[in-house]
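These notes concern the structure reproduced below.
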Amino acid sequence: MSNEPTETVAVLNITSVIGIVVCFAAAAAALFALPTLERQGISFETAFWMVSAVELVTVLGIIYFILNLHEERG
């Protein structure tokens, strides 16, 4: 038996944690953007689909960062 560990250890990826927080903040801000966009003269339908697109991108970002949340180090 050797003294060197051969097991891999899962380490938290800090970049993924920051990405999750940023995506969450963007998604939360987009929820309140609809009235602001309407006040800027954009129709409700256009503003709704713009907010929906931002929400979709943030969901995909959060999924990506969750899948990469841990790194294997050995």
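The table below gives the values:
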| item | result |
| --- | --- |
| Options Ile62, Ile18; residue that is aliphatic (A, V, I, L, M) and touching a residue at least 24 places away in the same chain (Cβ under 8 Å) | Ile62 |
| Answer residue from segment 1-42, given it is open to solvent by less than 60 Å² (accessible area, probe 1.4 Å) and assigned to a loop (DSSP other than H, G, I, E, B) and is modelled with the highest pLDDT among those | Ile42 |
| Unmet criterion (only one of (1) in contact (Cβ under 8 Å) with a residue 24 or more places away in the chain; (2) in contact with an Asp or Glu (Cβ under 9 Å, 6 or more places away or on another chain)) for Ala47 | (1) |
| Any chance Gly19 is on the phi > 0 side of the Ramachandran plot and not hydrophobic (A, V, I, L, M, F, W, C) | no |
| Hey, Ile66 outside any loop (DSSP other than H, G, I, E, B), out of contact with any Pro (no Cβ under 9 Å at 6 or more places or on another chain) and open to solvent by less than 50 Å² (accessible area, probe 1.4 Å) or not | no |
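The values are calculated or read from the model by the stated rules, or taken from the named source; none is laboratory data. These numbers come from a predicted model, not from an experiment. Cβ coordinates were reconstructed from backbone atoms using ideal geometry, including for glycine residues, and neighbour counts include every protein chain displayed. To get the accessible areas, we keep the full protein, side chains included, count just its heavy atoms, and leave off ligands, DNA and RNA. Shrake-Rupley method; radii C 1.70, N 1.55, O 1.52, S 1.80 Å.
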